[in-house]
1. Does segment 329-353 hold any residues that are under 23 Å from the mean Cα position of the chain (by Cα), crowded, with 19+ Cβ neighbours inside 10 Å and more than 24 Å from I301 (Cα to Cα), and which are they?
2. Select, from V387, V349, V368, V380, the only residue that is aliphatic (A, V, I, L, M) and part of a helix (DSSP H, G or I).
3. Which residue is surrounded by the most Cβ atoms within 10 Å (Cβ to Cβ), if the candidates are limited to segment 243-254 and must be in a helix (DSSP H, G or I) and in contact with a Ser or Thr (Cβ under 9 Å, 6 or more places away or on another chain)?
4. For residues that are among the polar types (S, T, N, Q) and touching a strand residue (DSSP E or B) at 6+ places or on another chain (Cβ under 7 Å), scanning just segment 255-312, find the one that is surrounded by the fewest Cβ atoms within 10 Å (Cβ to Cβ).
5. Kindly indicate whether G296 is within 24 Å of H47 (Cα to Cα), in a helix (DSSP H, G or I) and at pLDDT below 90.
6. Any residue that is farther than 30 Å from E366 by Cβ and modelled with pLDDT of 95 or more - is there at least one of those in segment 282-289?
7. If you take the residues in segment 159-187 that are crowded, with 19+ Cβ neighbours inside 10 Å and among the small types (G, A, S), which one is farthest from Q244 (Cα to Cα)?
8. Just give me the residues in segment 116-132 being closer than 20 Å to K142 by Cα, without any contact (Cβ under 8 Å) to a residue 24 or more places away in the chain and of a type in the set (D, E, K, R), in sequence order.
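The values are calculated or read from the model by the stated rules, or taken from the named source; none is laboratory data. Treat the numbers as computed from the prediction; the structure is a model and nothing was measured. Ideal geometry is used to build each Cβ from the backbone, glycine not excepted, and the neighbour counts take in all protein chains shown.
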Amino acid sequence: MKQIIDSERRPIKLWLDDIEATALAQARNLANHPFTFSHVAIMPDAHAGYGMPIGGVLACDGAVICNAVGVDIGCGMCAEQTSLSSLDRETLKKILGLVRTAVPVGFDHHKQQQERSLLPDLARLDQVEKSIVREQFQAGCKQIGTLGGGNHFIEIQQGDDGHVWLMIHSGSRNLGLKVAEYYNRLAGRLNEEWGSLVPKQWQLAYLPLETQEAQDYLAEMHWCVDFALASRKLMMERLKEAVQEVVGEVAFLHSINKAHNYAAMEEHFGKEVLIHRKGATRARAGEYGIIPGSQGSRSFIVLGKGNAESYASCSHGAGRRMGRGQAQRELDLAAEVERLNAMGVVHAVRNQKDLDEAPGSYKDIESVMANQTDLVEIAVSLLPLAVIKG
């Protein structure tokens, strides 16, 4: 931990020194929220989000805050260790070509609905009064196994354990977005009716856990978390199939699949509370996690240390240094391309609009990792070999 701010209703515990002003203001709002329990934890990759910083962990006693989960419910990482020790550039290009035909990216979805059995069971939502998931389910059948846009990626990596690894970052697509938007609007409307003391401009409208609305949101949120997990599994299967088609028989030795945008009941400091992780990875003692850098830096397989002060959490990545528009305006395209070419990465920076995901738009992952040595230990260090961006 780098610093503690104790000027608010609840302390703010930070694992970084240089938090941006907007993110710090959001952390102060969280610390002053009436349902915040114990303290607010801010991870070393933190930057501003909607209502709550991305890279934040919030414990609530008696309420759920939709914006403390975020709009990409269930977004997370999966990684697979292979028996391969290396891959050359031409082989990597062939694999990526096959993956691009099997996994739609950006706004694209599958043209045909995927098997319904791949999706979580809708019966779990039978008690939900107005299910957004049910309304969006047919569309979701075409969204599962698609990458999406923004910072989502498929990456092939070289591990310092002597193995090639496969890694995917994705979420719950438009289905999860619709759920998030509906319940956040509902919470805002109800907060106005109740005369909530939480200022509207904080964007932290809440639903008391004893209400039907809160239980409906939690049911649909957890369904979206499982949808995102299933979507990553499907993409990983298609990535593995592409690898095997190009190089032949490959064994897959170790798999990890972790969400970093969700809320769950957990016991902390002697009380059952609702932990919101928004761009934060659970890191219980001995638990595997994934912390990616950028397409031009190292990523890491980590083991958690179960630090109580972070609610047994760690960062979910490097965190943004620049907003997307700022990166596209200010970064030098030639310099970013040269940086990636010098590393030998089969990369995804082609023109000015791609600079929002260039390495220079992200914080230094080495500094982020140095700031959380009390949260995780590094198990495997990974260098990028080839990247597909959403």
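1. V349
2. When all the criteria are applied, what remains is V368.
3. V243
4. Ranking the qualifying residues of segment 255-312, first place goes to S255.
5. no
6. No.
7. A187
8. Residue satisfying the conditions is D121 alone.
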